[in-house]
Amino acid sequence: MRDVLNVASAVVLRDLRRYVRRRQDAVQPLIFFVIIVTLFAVAVGPDAEIFAKIAPAGIWVAILLATTINLDTIFLSDYHDGTIEQLFLSPAPLPLIVGSKIFSHWCATAGPQIAISVIVAAAIGLELRVVGTLAATLLLGSPILSLFGSVSSALTIGLRGGAMLQALIILPLYMPTLIFSTSAMHNAALDLPITAEIYFLAGLAVMAASLAPFASATALRIRLG
Amino acid sequence: MITIPFHKYGTPKYFYSWSLRLRPWLKYGCILLFTAGLVGGLWIAPTDYQQGESFRIIYVHVPAAWMSLFVYIVMALAGACGLIWHVKLGDIVARACAPLGAWFTFLALLTGSLWGKPMWGTYWVWDARLTSELILLFLYLGYIALQGAIDDRRTAARAGAILAIVGTVNIPIVHYSVEWWNTLHQGPTVSKLDAPSMDTTMLIPLLVMALAYNLYFVAVLFERVRCEILEFERNKNWVNELTQPKGIV
């Protein structure tokens, strides 16, 4: 158990340090996210009432796109500088290492993403309850996005046109997360209970956490081993 | 004592020869069943009291929709065999399944939307089953795109297997979440095994058509697999003996 914690904390600390040093990896998706929300607002027009109605959809679609663009930061730099091969040689189980890398990716991206989404949602005048629901769905949804995303990222690593391919592969798999999150926000706007959606998201997150590290590790071995 | 060498039938070489022997059976069985099913469905089956003649598209639509899911599962299982037990045939079958499954899905969507026009008054609605069928099509296209992007065949097949397995885990979740999200599609009428809410003269042609689709799938799949085998094993002796004209050394 101690060994497991040692390996995990070593990988997480190293990756977090990398994110701190290469801040653009975590910051650029946020800018991208704000730009997409702005695109939605401009396309809808100045009618604030209509925009408030479709804002949950717009915000969540923007989150999905920003996440998809950002997924390759999990493995790509390690692939380029050869760290991945070293990790393969490590006696520690690869799923543990991969799981830790996904966890640090989530730490580095989810926090800022939640903060900026809440600020954006509040700024466009969504009710407090809806903003709170957005934060809750993001808190449960973002690990799902990172976990499933790691599989597609591992499958497409180092391929020509990998980013596009990754989006094609992963976006259909994000559908349940999108459905439960936006439906929770719609219910919140109508003062309906949101417990069911939250439970579903939590269940999905648990499932993704228990399966995705193994799938990603296998995918990495297939592609590079 | 006679023992059946199952492991032998799974090798590409033996698969090639025994599937070639099955070929006429599959071909004529498929043609026969298609004729029977279409005649039964388009002429013999009674007109639906509510939907009129346009209900007859189910004889093309419903089997295609069944096949779309079935082929995905076959693809994932074959891929898993290749991945776990390194069965070369599994890799080849999985690769050959993908375009077939994508076409079945497309056919189900196309016929569904043609049927939707007289029934719902519009070609497309964001109904739960239509949407989850569309997502299934996206999953197929993603798989095919991944296959195309990786040059090495074995790596491509094994990476595809991972994707197909992840997709299989997700299909029920996608299906039920979409169902929950919105439903307009009519409820299932055949799956209730004890008493299908369908007349027998309507039901039998549908089941015959389903069988015909299955045979068609197997026939075309074997055809594709044989082509892949020839390419895969092009450096092997037995392939050279097959493809070289006789008499030339």
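Taking the charge dipole of chain A about its Cα centre, with +1 at Lys and Arg Cβ atoms and -1 at Asp and Glu Cβ atoms, the residue from A:Ser77, A:Ala26, A:Ile63 reaching farthest to the positive side is A:Ser77. In segment B:122-161, the residues whose accessible area drops by at least 50 square angstrom when the other protein chains are added to the isolated chain are B:Leu146; the probe is 1.4 Å and only protein heavy atoms count. In this rough spin-label picture, where each label sits 7 Å from Cα along the Cβ direction, the A:Ala57-A:Ile35 distance is 2.4 nm. Against the main long axis of the alpha-carbon atoms of chain A, helix A:195-224 sits at an angle near 30°.
Only protein heavy atoms count here; under a 1.4 Å probe, B:Glu228 has an accessible surface of about 40 Å². Shown are A:Arg221, B:Arg21, whose ranking by accessible area with a 1.4 Å probe and every protein chain present, most to least, is B:Arg21, A:Arg221. Association of chains A and B removes close to 2100 square angstrom of accessible area from solvent, both sides included, for a probe radius of 1.4 Å. With N as its number of residues, segment A:94-158 has a Cα radius of gyration that, divided by 2.2 N^0.38 Å, comes to 1.34.
Quick one: what do you get for segment A:154-225 if you divide its Cα Rg by 2.2 N^0.38 Å? This ratio for segment A:154-225 stands at 1.45. Only helices enter this figure: runs of n ≥ 4 DSSP H residues, each worth -39500 (n - 2.57), summed and divided by the residues of chain A, yield -28500 deg cm²/dmol at 222 nm to the nearest 500. Note on B:Trp126 and B:Leu203: the model spin-label points, each 7 Å out from Cα along the C-beta direction, lie 3.7 nm apart.
When every alpha-carbon pair in segment B:55-96 is counted, what percent end up more than 15 Å apart? For segment B:55-96, the share of Cα pairs beyond 15 Å comes to 48 percent.
For B:Tyr123, the accessible surface of its heavy atoms amounts to roughly 120 Å² (probe 1.4 Å, protein chains only, rounded to the nearest 10).
A convex hull fitted around the alpha carbon atoms of segment A:13-89 yields 100 Å³ per residue. Angle, helix A:175-189 long axis vs. longest principal axis of chain A, Cα atoms, 0 to 90°, nearest 10? On a 0 to 90 degree scale, this one is about 30.
Please label the shape of the protein assembly as shown as rounded, prolate or oblate, based on the square roots a ≥ b ≥ c of the eigenvalues of the alpha-carbon gyration tensor (a/c under 1.5 means rounded; beyond that, a/b larger than b/c means prolate, else oblate). Oblate, since a/c reaches 1.5 and b/c is not below a/b. Build a GNM of chain B with springs between Cα atoms under 10 Å apart, and of B:Trp115, B:Trp103, B:Trp126 the one that fluctuates most is B:Trp126.
In the protein assembly as shown, taking the dipole from charged Cβ atoms about the Cα centre, the farthest positive-side position among A:Leu178, B:Val174, B:Trp66 is held by B:Trp66.
Each of B:Leu230, A:Ile222, B:Met202 was placed along the dipole of the protein assembly as shown (beta-carbon charges, centred on the mean Cα), and the one lying farthest toward the positive end is B:Leu230. Computed about the Cα centre, the dipole magnitude for chain A is approximately 580 debye when only Lys and Arg (+1) and Asp and Glu (-1) carry charge, each at its Cβ. Helix B:12-39 axis versus longest C-alpha principal axis of chain B: approximately 20°, rounded to the nearest ten.
Sort segment B:1-133 into rounded, prolate or oblate with this rule: let a ≥ b ≥ c be the square roots of the eigenvalues of the Cα gyration tensor; rounded if a/c is under 1.5, and if a/c is not under 1.5, prolate when a/b is larger than b/c, oblate otherwise. Oblate, because a/c is 1.5 or more while a/b does not exceed b/c.
Amide hydrogen proximity for B:Asp48: with H placed 1.01 Å from N in the peptide plane, the residues at 5 or more positions away or on another chain lying under 5 Å are B:Phe55.
The values are calculated or read from the model by the stated rules, or taken from the named source; none is laboratory data. Please read these numbers as outputs of a predicted model, since none were measured by experiment. Every residue, glycine among them, receives a Cβ derived from its backbone with ideal geometry; neighbour counts consider all protein chains shown. Side chains are part of the model used for accessible areas, which takes the heavy atoms of the whole protein and leaves out ligands, DNA and RNA. Shrake-Rupley method; radii C 1.70, N 1.55, O 1.52, S 1.80 Å.
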